[in-house]
Amino acid sequence: MLCASLLATTLISLNVKRGIEAETVKRFAFAGDQVVRSIEERLAVHALALQGGAALFAKTGDVSGEEWHAYFERLRASQNIRGLQRIGFARLAPEARDAYAPIVFLEPFHARNQSLIGTNMLAEPVRRAALERARDSGEATLSGKVNLTSSTKEPARVGVLMYVPVYRTRKAADGIEQRRKELLGWVFTPYRFGEFLDGILEQWPKHNEHDIALHIYDGSKATPASLLFDSAPENTPDAGSLFYQQREIRYGDTTWRLSFDLPGGSSRINYTFAWAAVAGGLSLSALLFALMLSLIRTRARATHIAHHLTEKIRQREHLLEESEYRWKSAVEEAGDGLWDKNMVDGAIYRSKKWQEFCGVRDARELTDFEQWGNHIHPDDKTRVLATMQAHLDGKTPRYACEHRLLCADGSVKWMQGRGIVVKRDANARPLRIIGMATDITARKRAEEALRLARISVDAAHDALFWITSEGRIIDLNQATCRLYGYTHEEFLRLHIKDINPVFDFSPVAWQARFTENGLLGVLKFETTHRAKNGTTFPVEITTNRVQLDGRELNCAFVRDISERKRNEAALNAALARADSANNAKSRFLAAASHDLRQPLAALSLYVATLQRTAPPGAAELAGHINDCANSMSDLLTNLLDVSKLDAGVVTPTPSDFAIEELLTSLVSIHTAEASLKGLRLRLRPSETFTHTDHALLFRIIGNLITNAIRYTKKGGVLIACRRHQGKRWVEVWDSGVGIPANRTDIIFEEFRQLGDQSRSSGSGLGLAIVAKAATLLGLQIRVRSKPGRGAMFAVELPPGQPLAPPTPALQTSPPATQSRIVALVDDNALVRLALVRALEAMGHVVFATATGTELLRHLGEQTPDVIISDYRLSEGETGFDVINAVRAVFGAELPAGIITGDTDPALMRSMAKRGVTVHYKPLEIDALERLIRETAAQTPA
């Protein structure tokens, strides 16, 4: 009766308890479903936001940084899009050699996000797989688990990214191949789950003032490696918990597994009603127990008698059960195969585990040693049976042997057999033997793998050794011994400082290097090591930080780079020789230019004077002579420009200007030249403004137009301003001979010409000047060409600002020539005489000599208005010497200028530093007149 009452109480209490738990679990499951729906809805909303960004590109064709920022601000202003903290755009670079998709936009544009601009989204495998799925599907796609931290010095922050592809046209809907072809880039947003779940977890109900624990995993399996989010890091998920719930969210081909749990489990449930049922039942049971007590006392005597009679039987049963328990425990808990052989009647017992080792189902197949021997590998059978027989004969204290076992399915396992004779007769003959077998296949494979790994390490060409945090060497390979000359045992007694004579091995320095290796993971550097015989040699070291049994070690790979260093030294010597040859070339050109400019300067002045004074019949002949002089002057001017660019004395003066004005001026200059060859020279109008050096850009495009006309026999030349890869370019197209693909790199070298016209036209310096000037301005040059069909040269245009309409200038007449007293020094008699004739023809009074000393003697007390001197004079005298000497007599304020044909880069830099007005030979008569006027108006520094 009492048992029935207690049983009823127990059942009622359990029923109440189960009801409470079921209701609590139901509410818990509902809360988890709400979280899942909220996450799915948020993903859908974010996908729409990214698709809106993609639509922005589809609408405008291209998006600026300001437009992208405005779009992000509109999204952030919306109260319906929570968890969307960042949004960016990565543009695919199809012309790149390797897959390259740099981040172009990333909002908000703060310091952390600015550091990510230009990051290649295709470099990391997980991101790249998601990008390719989005590209091929045309839908929003989630990546797998990635590290969102931009620096290795910051703690890792895991998360995922959502990508939406952006296509150039609507043709992307025609299939995967069309989508790949039309792909422009991806709109994306990175998720850190703490930010992504903003506003979702706050809606969770409280359970006894405790939050629900949420764990989110990447994929369908819940593993530590795939953990994306953990709302309760201190709580370990318990799959056996009453409240443990799992859900899956599928988005495209991405799966997230969500596990919910309540920390503390059932201890958080209020069992008040269950305990009330227990208390009521126990009270009722106590009343019933009092009623039954009298009955129990009457039966106690009878029970005592029965107990006395059965006690001995129970003791015997207990001993039997204890023995059986030990036996079963030994068989079940050992995890080994057990066998027991009766040597008298031949009976043998083999456990199920032993049968599993052999792969047989019926124990009758293994009833004697002969059948067991048939399962031993033939190569091991003789040794195993001999070892067993030696123990049966009493020669060894126990049987122990490792051997291979042939299984019924044909596989081979490694076994460790152990056995012992537990009973012998008076003559020491074995009566019973018990043994065990352990499967050691995994251990043998590990030993074999370890042996092969050691062989591989020892066979490696590079040296390898392991270093402790104290700098002790604890292991190495054979290549290390060969490289340093130590034996393996000698090396194990060394410290790293014994082989590295250059590194600071003070405790602070060594610990800093060891810590740096730990932070970077892999550290690569060069140093010098010392062999046993004292010789030193350069090495390249790659160290990896590893942990072994809780001990931090450095695994160092060492490579002897002596040969590489010798090759580098030889290469540097070759480069030095090349630089020396290039400098010698520049000096040669400078000297040659100076010598050529001397007679050319005289010729130009003579011709100019002749044109002004010659009769009408000789004017045409003088014009032809002037054309020849101008052609020679152009060649020397090109040489001068190259020398200036090599010397670095050209300083760009950038400004904003309309490109169409520059191009219109160039077309006007070259139209006559093109018409003489029967070519059409066309210009496409453009409203583009650029910001760069006007003169240098004028020279670059002018040289490209000249080159196009020179190498075009029929058709024409087109000049247009176009957009390419987000930049503006001036393109010069021609229908000429074209350039072979393997020659496009060398055409920008000095004195390089292609085609038959190289022998009769051009200086071979035009494109060299283009390349050098573009480099100085930081502009890119593009070339496209097909032999026989023409070529296209393009120069980049930096964006500029529109200019205000110019104010009409007042018309002024050119300044009248004022008669001045000119002191002139030039050691070349022909040039000096030509200068005197030209200056006197302008109305000036000229005192001309070959040296500065002669000039001072010739001037006497006459103070000149201006002094003009050639730079290189006889007997080492320079124009600077002459200017200084004359100013010392007539005052430091005397205006002065230099005329020179020298293009040496060092000399150009020297003139620029001194602030002296410099003009280069040959000078036309108008340029000479302007030189006198500008020099006379200057104020010395």
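The values are calculated or read from the model by the stated rules, or taken from the named source; none is laboratory data. Small disclaimer: the values here were computed from a predicted structure and weren't measured. Cβ sites come from the backbone with ideal geometry, for glycine too, and all protein chains shown count toward neighbours. Quick note on the areas: whole protein, heavy atoms, side chains included, nothing else; ligands and nucleic acids left out. Shrake-Rupley method; radii C 1.70, N 1.55, O 1.52, S 1.80 Å.
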message: Apply the Karplus curve 6.51 cos²θ - 1.76 cosθ + 1.60, θ = phi - 60°, to the phi angles in segment 384-396 and return the couplings in whole Hz, x for Gly and Pro.
response: 5, 5, 5, 5, 5, 5, 4, 6, 4, 7, x, 7, 10
task: Mind giving me the FRET efficiency for S874 and T917? R0 is 30 Å, r the Cβ-Cβ distance, nearest 0.05 is fine.
output: 0.85
message: What distance in nm lies between label points placed 7 Å from Cα along the C-beta direction at D98 and T236?
response: 4.2
- request: Can you send over the carbon and sulfur percentage of the accessible area for segment 86-203, probe radius 1.4 Å, protein chains only?
  value: 51
query: How far, in nm, would the chain grow between Q780 and R680 when pulled straight, counting 0.36 nm per residue and subtracting the alpha carbon separation?
result: 33.3 nm
- request: Please calculate how many Å² of accessible area segment 21-72 carries per residue, with a 1.4 Å probe and no DNA, RNA or ligand atoms counted.
  value: 48
3J(HN,Hα) from dihedral phi, segment 103-117, Karplus parametrisation 6.51/-1.76/1.60, rounded to Hz, x for glycine, proline: 6, 9, 10, 7, 10, x, 8, 9, 4, 4, 6, 4, 5, 8, 4
- prompt: How much accessible area does S665 have with a 1.4 Å probe, in Å² rounded to the nearest 10?
  reply: 50
field: segment 79-152: chymotrypsin sites (Phe, Trp or Tyr not before Pro) in DSSP loop, at most 15 other beta carbons within 10 Å
entry: F109
- prompt: Label-point separation (nm) for E41 and L385, each offset 7 Å from Cα along Cα-to-Cβ?
  reply: 7.9
query: Taking the mean number of other Cβ atoms within 10 Å as a proxy for protection, how do you rank 568-574, 780-786 from highest to lowest?
result: 780-786, 568-574
message: With an 8 Å Cα cut-off and a minimum separation of 6 or more residues, compute the relative contact order for segment 444-511 in percent.
response: 23
query: Using modelled backbone amide H atoms (1.01 Å from N, in-plane), which distant-in-sequence or interchain residues come within less than 5 Å of Y167's amide H?
result: L184
statement: Between the modelled labels at A225 and R493 (7 Å from Cα along Cα→Cβ) the distance in nm is 4.4
- request: Give the shape of segment 33-145 as rounded, prolate or oblate, defined through the alpha-carbon gyration tensor: a ≥ b ≥ c are the square roots of its eigenvalues, a/c under 1.5 means rounded, and otherwise the shape is prolate if a/b is larger than b/c and oblate if not.
  value: oblate
message: Quick check: from the Cα gyration tensor, does segment 105-144 come out rounded (a/c under 1.5), prolate or oblate?
response: prolate
query: Across segment 876-893, in residue order, what do the Karplus-derived ³J(HN,Hα) couplings come to in whole Hz, using 6.51 cos²θ - 1.76 cosθ + 1.60 with θ = phi - 60° and x for Gly and Pro?
result: x, 6, 10, x, 4, 4, 5, 4, 5, 5, 5, 5, 5, 8, 9, x, 6, 8
- prompt: Taking 0.36 nm per intervening residue step and subtracting the Cα-Cα distance, what contour gain separates E660 from E673 on full extension?
  reply: 2.7 nm
query: Using 1/(1 + (r/R0)^6) with R0 = 60 angstrom and r between the beta carbons of R299 and R424, what's the FRET efficiency to the nearest 0.05?
result: 0.65
message: Over 18 Å between Cα atoms: which of K524/K565; K59/K727; K395/K423; K353/K381; K714/K772 fall into that group?
response: K59/K727; K353/K381; K714/K772
query: So how do 420-427, 349-356, 433-440, 13-20 stack up, highest first, on mean other-Cβ count within 10 Å?
result: 433-440, 349-356, 13-20, 420-427
statement: Classified through the alpha carbon gyration tensor (a ≥ b ≥ c as square roots of its eigenvalues; rounded if a/c is under 1.5, else prolate when a/b is larger than b/c, else oblate), segment 497-573 comes out prolate
- prompt: At a Förster distance of 30 Å, what's the computed FRET efficiency of V344 paired with C407, Cβ-Cβ distance as r, to 0.05?
  reply: 0.45
statement: Residues meeting the amide H criterion for L161 (H placed from the backbone, H to H distance under 5 Å, 5 or more places apart or on another chain) are S143, Y191
Gain upon complete extension [H724, Q416; 0.36 nm per residue less C-alpha separation]: 103.5 nm
